[in-house]
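Taking it in order: structure first as C-alpha coordinates, then the write-up.
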Amino acid sequence: IKILTDNENSWIIPYAKNLTKELKIKHNVSHYYNSEEISKGDLLILLSCERLLSKSILSLNTKNIVIHPSKLPKGKGWSPLAWQILEGKNKIPITLFEANENLDSGDIYLVDYIELSGHELNDEIKKKQGEKTIEMIKYFVNNFDEMASHSQSGEESVYSKRTKKDSELDIGKTLDEQFNLLRVVDNERYPAYFIKNDKKYL
(Lines give C-alpha, C1' and ligand atoms only; values in the text may rest on other atoms or scores of the structure.)
Protein backbone atom coordinates (compact mmCIF):
# COMPACT_ATOMS: atom_id res chain seq x y z
CA ILE A 1 0.00 0.00 0.00
CA LYS A 2 1.26 3.47 -0.91
CA ILE A 3 -0.04 6.70 0.65
CA LEU A 4 0.65 9.97 -1.16
CA THR A 5 0.25 13.49 0.25
CA ASP A 6 1.83 15.94 -2.18
CA ASN A 7 1.78 18.88 0.25
CA GLU A 8 3.97 18.35 3.31
CA ASN A 9 2.14 21.17 5.12
CA SER A 10 -1.34 19.75 4.58
CA TRP A 11 -3.75 19.58 7.52
CA ILE A 12 -4.16 15.86 6.84
CA ILE A 13 -0.52 14.88 7.53
CA PRO A 14 -1.15 13.74 11.16
CA TYR A 15 -4.04 11.57 9.93
CA ALA A 16 -1.90 10.17 7.12
CA LYS A 17 0.84 9.24 9.60
CA ASN A 18 -1.64 7.55 11.94
CA LEU A 19 -3.19 5.67 9.02
CA THR A 20 0.26 4.48 7.91
CA LYS A 21 0.99 3.24 11.42
CA GLU A 22 -2.35 1.42 11.71
CA LEU A 23 -2.16 -0.24 8.30
CA LYS A 24 1.42 -1.39 8.91
CA ILE A 25 0.12 -3.88 11.47
CA LYS A 26 -1.13 -6.09 8.62
CA HIS A 27 0.28 -4.58 5.42
CA ASN A 28 3.44 -3.30 3.79
CA VAL A 29 2.83 0.48 3.77
CA SER A 30 4.86 3.48 2.60
CA HIS A 31 4.00 7.19 2.85
CA TYR A 32 5.26 9.53 0.11
CA TYR A 33 5.24 13.28 -0.51
CA ASN A 34 6.37 13.10 -4.14
CA SER A 35 4.41 11.22 -6.81
CA GLU A 36 7.63 10.49 -8.72
CA GLU A 37 8.64 8.09 -5.93
CA ILE A 38 5.56 5.89 -6.33
CA SER A 39 6.34 2.28 -7.27
CA LYS A 40 4.27 -0.77 -8.24
CA GLY A 41 1.81 -2.13 -5.73
CA ASP A 42 -1.77 -3.06 -4.94
CA LEU A 43 -3.19 0.23 -3.69
CA LEU A 44 -2.32 3.92 -3.88
CA ILE A 45 -4.20 6.18 -1.45
CA LEU A 46 -4.22 9.86 -2.40
CA LEU A 47 -4.75 12.09 0.64
CA SER A 48 -5.39 15.81 0.05
CA CYS A 49 -3.31 15.80 -3.12
CA GLU A 50 -3.22 19.12 -4.96
CA ARG A 51 -2.01 17.85 -8.34
CA LEU A 52 -3.55 15.36 -10.77
CA LEU A 53 -1.49 12.25 -11.45
CA SER A 54 -0.52 11.03 -14.89
CA LYS A 55 -1.87 7.81 -16.35
CA SER A 56 1.61 6.27 -16.12
CA ILE A 57 1.81 6.80 -12.36
CA LEU A 58 -1.77 5.64 -11.80
CA SER A 59 -1.04 2.46 -13.80
CA LEU A 60 1.58 1.36 -11.25
CA ASN A 61 -1.03 0.23 -8.71
CA THR A 62 -4.05 -2.02 -9.09
CA LYS A 63 -6.33 0.57 -7.48
CA ASN A 64 -5.87 4.29 -6.76
CA ILE A 65 -8.36 5.87 -4.38
CA VAL A 66 -9.29 9.43 -3.44
CA ILE A 67 -11.64 10.69 -0.72
CA HIS A 68 -13.55 13.87 -1.60
CA PRO A 69 -16.12 15.67 0.60
CA SER A 70 -19.01 16.04 -1.83
CA LYS A 71 -21.62 13.86 -3.56
CA LEU A 72 -19.86 13.43 -6.89
CA PRO A 73 -20.27 14.48 -9.64
CA LYS A 74 -21.58 17.51 -7.74
CA GLY A 75 -18.95 19.54 -5.94
CA LYS A 76 -15.82 18.58 -7.85
CA GLY A 77 -12.79 20.78 -7.41
CA TRP A 78 -11.37 22.66 -4.47
CA SER A 79 -12.41 23.14 -0.83
CA PRO A 80 -15.81 21.47 -1.29
CA LEU A 81 -16.35 21.14 2.45
CA ALA A 82 -15.89 24.86 3.06
CA TRP A 83 -18.11 25.82 0.13
CA GLN A 84 -20.91 23.53 1.34
CA ILE A 85 -20.75 24.94 4.86
CA LEU A 86 -21.02 28.43 3.36
CA GLU A 87 -24.12 27.16 1.54
CA GLY A 88 -25.58 26.35 4.97
CA LYS A 89 -25.19 22.57 4.86
CA ASN A 90 -24.52 20.51 8.00
CA LYS A 91 -24.72 17.00 6.50
CA ILE A 92 -21.72 16.71 4.19
CA PRO A 93 -21.28 13.69 1.87
CA ILE A 94 -17.87 12.05 1.57
CA THR A 95 -17.11 10.05 -1.59
CA LEU A 96 -14.37 7.43 -1.93
CA PHE A 97 -13.63 6.85 -5.60
CA GLU A 98 -11.08 5.57 -8.11
CA ALA A 99 -8.60 8.23 -9.20
CA ASN A 100 -8.01 8.84 -12.89
CA GLU A 101 -6.20 11.55 -14.86
CA ASN A 102 -9.30 13.80 -14.88
CA LEU A 103 -10.52 15.97 -12.01
CA ASP A 104 -12.66 14.00 -9.51
CA SER A 105 -14.16 11.86 -12.28
CA GLY A 106 -13.45 8.22 -11.38
CA ASP A 107 -15.84 5.41 -10.49
CA ILE A 108 -17.34 5.53 -6.98
CA TYR A 109 -16.78 2.84 -4.33
CA LEU A 110 -18.32 4.34 -1.19
CA VAL A 111 -20.37 7.33 -0.03
CA ASP A 112 -20.72 8.30 3.63
CA TYR A 113 -21.49 11.51 5.53
CA ILE A 114 -20.20 13.71 8.31
CA GLU A 115 -22.75 15.46 10.48
CA LEU A 116 -22.06 18.96 11.77
CA SER A 117 -24.05 20.76 14.45
CA GLY A 118 -23.37 24.22 13.04
CA HIS A 119 -21.06 25.51 15.80
CA GLU A 120 -17.82 23.75 14.82
CA LEU A 121 -14.85 25.87 13.79
CA ASN A 122 -12.23 24.97 11.17
CA ASP A 123 -10.07 22.68 13.35
CA GLU A 124 -13.13 20.79 14.63
CA ILE A 125 -14.51 20.46 11.10
CA LYS A 126 -11.17 19.12 9.83
CA LYS A 127 -11.07 16.63 12.72
CA LYS A 128 -14.44 15.18 11.70
CA GLN A 129 -13.36 15.10 8.08
CA GLY A 130 -10.03 13.43 8.92
CA GLU A 131 -11.61 10.78 11.15
CA LYS A 132 -14.27 9.90 8.56
CA THR A 133 -11.63 9.78 5.81
CA ILE A 134 -9.53 7.27 7.78
CA GLU A 135 -12.59 5.22 8.69
CA MET A 136 -13.60 4.89 5.03
CA ILE A 137 -10.07 4.00 3.88
CA LYS A 138 -9.74 1.29 6.52
CA TYR A 139 -13.09 -0.18 5.44
CA PHE A 140 -11.90 -0.16 1.82
CA VAL A 141 -8.60 -1.85 2.70
CA ASN A 142 -10.31 -4.50 4.84
CA ASN A 143 -12.71 -5.31 2.00
CA PHE A 144 -10.28 -4.70 -0.86
CA ASP A 145 -11.16 -7.76 -2.98
CA GLU A 146 -14.93 -7.32 -2.61
CA MET A 147 -15.14 -3.58 -3.32
CA ALA A 148 -17.35 -2.88 -6.34
CA SER A 149 -17.61 0.50 -8.06
CA HIS A 150 -20.10 2.35 -10.23
CA SER A 151 -19.66 5.22 -12.63
CA GLN A 152 -20.65 8.75 -11.69
CA SER A 153 -24.05 9.94 -12.86
CA GLY A 154 -26.07 13.13 -12.61
CA GLU A 155 -25.35 16.82 -12.99
CA GLU A 156 -21.76 17.94 -12.52
CA SER A 157 -20.63 21.06 -10.67
CA VAL A 158 -17.13 22.33 -9.85
CA TYR A 159 -16.02 24.51 -6.93
CA SER A 160 -13.29 27.09 -7.48
CA LYS A 161 -10.10 27.29 -5.45
CA ARG A 162 -10.47 29.43 -2.33
CA THR A 163 -8.04 32.34 -1.96
CA LYS A 164 -7.27 34.96 0.71
CA LYS A 165 -9.96 37.14 -0.86
CA ASP A 166 -12.59 34.56 0.12
CA SER A 167 -11.87 35.28 3.81
CA GLU A 168 -13.03 38.91 3.55
CA LEU A 169 -15.88 39.93 5.86
CA ASP A 170 -18.50 42.42 4.69
CA ILE A 171 -18.79 45.22 7.28
CA GLY A 172 -22.27 45.94 5.96
CA LYS A 173 -23.49 42.54 7.16
CA THR A 174 -23.94 41.21 10.70
CA LEU A 175 -21.57 38.65 12.23
CA ASP A 176 -24.54 36.30 12.44
CA GLU A 177 -24.97 36.50 8.66
CA GLN A 178 -21.27 35.69 8.19
CA PHE A 179 -20.83 33.14 10.96
CA ASN A 180 -20.25 30.22 8.55
CA LEU A 181 -17.42 32.16 6.92
CA LEU A 182 -15.81 32.61 10.34
CA ARG A 183 -16.15 28.86 10.87
CA VAL A 184 -14.26 27.84 7.73
CA VAL A 185 -11.43 30.39 7.54
CA ASP A 186 -7.90 29.16 8.24
CA ASN A 187 -6.61 31.46 10.99
CA GLU A 188 -2.98 30.81 10.01
CA ARG A 189 -2.99 30.88 6.19
CA TYR A 190 -6.22 32.71 5.30
CA PRO A 191 -7.46 34.64 8.36
CA ALA A 192 -10.73 36.56 8.25
CA TYR A 193 -10.35 40.29 7.62
CA PHE A 194 -12.32 43.37 6.69
CA ILE A 195 -11.56 46.65 4.95
CA LYS A 196 -12.58 50.02 6.45
CA ASN A 197 -11.41 53.44 5.30
CA ASP A 198 -8.94 51.74 2.95
CA LYS A 199 -7.33 49.93 5.88
CA LYS A 200 -7.21 46.16 6.26
CA TYR A 201 -8.05 44.67 9.67
CA LEU A 202 -7.35 41.02 10.52
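The values are calculated or read from the model by the stated rules, or taken from the named source; none is laboratory data. The structure displayed is predicted, hence computed values, not measured ones. Counting neighbours? That spans all protein chains shown, and the Cβs are built from the backbone with ideal geometry, glycine included. Just the protein is used for accessible areas: all its heavy atoms, side chains included, with ligands, DNA and RNA removed. Shrake-Rupley method; radii C 1.70, N 1.55, O 1.52, S 1.80 Å.
Before anything else, pin down the relative contact order of segment 21-124: Cα pairs under 8 Å, at least 6 apart, normalised by residue count, whole percent. Don't skip to the answer; put the middle values down first.
Values: 138 pairs, mean separation 22.8, N = 104.
The value is 22 percent.
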Highest mean first, what order results for 150-159, 129-138 on Cβ atoms within 10 Å?
-> 129-138, 150-159
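Output the peptides 190-199, 39-48, 164-173 sorted from most to least packed, where packing is the average of other Cβ atoms within 10 Å over each peptide's residues.
Details: 190-199: 11.1, 39-48: 18.4, 164-173: 12.7.
Taking the mean over residues of other Cβ atoms within 10 Å, the ranking is 39-48, 164-173, 190-199.
Provide the gained length on full extension for the span LEU202 to ASN18, in nm with one decimal, where the gain is 0.36 nm per separating residue minus the Cα-Cα distance. Don't skip to the end; give the middle numbers.
On the way: separation 184, 0.36 × 184 = 66.24 nm, distance 3.40 nm.
Roughly 62.8 nm would be gained on extension.
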What is segment 87-202 by shape, rounded, prolate or oblate, if you read a ≥ b ≥ c off the alpha carbon gyration tensor as root eigenvalues and call it rounded for a/c under 1.5, prolate for a/b larger than b/c, and oblate otherwise?
-> prolate
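In deg cm²/dmol, rounded to 500, what helix-only [θ] at 222 nm does the chain give when every DSSP H run of at least 4 residues adds -39500 (n - 2.57) and the total is split over its residues? Mind showing how you got there, number by number?
Details: 5 runs with 49 residues, N = 202.
Value at 222 nm, helices only: -7000 deg cm²/dmol.
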Two-decimal Rg/Rh across segment 1-66, once Rg and the Kirkwood Rh are taken from alpha-carbon atoms | 0.93
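Taking all protein chains in place and a 1.4 Å probe, what share, in percent, of the accessible surface of the chain do carbon and sulfur account for? Write down the numbers at each step before the final one.
Numbers: 5460 of 11620 Å².
Ligands and nucleic acids excluded, carbon and sulfur reach 47 percent.
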Considering amide H positions built from the backbone, and no H for Pro or chain starts, which residues 5 or more places from GLY106, or on another chain, come under 5 Å of its amide H?
-> ASN100
Over the chain, average the accessible area per residue using a 1.4 Å probe and give it in Å², no decimals.
-> 58 Å²
Report the percentage of all Cα-Cα pairs in the chain whose separation exceeds 29 Å, rounded to a whole percent.
-> 27 percent
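Based on the Cβ-Cβ distance of THR174 and SER105, what FRET efficiency does E = 1/(1 + (r/R0)^6) give at R0 = 35 Å, to the nearest 0.05? Could you put the intermediate results ahead of the total?
Numbers: r = 40 Å, r/R0 = 1.13.
Efficiency for this residue pair is about 0.30.
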The chain, relative contact order in percent, only Cα pairs under 8 angstrom and at least six apart counted = 18 percent
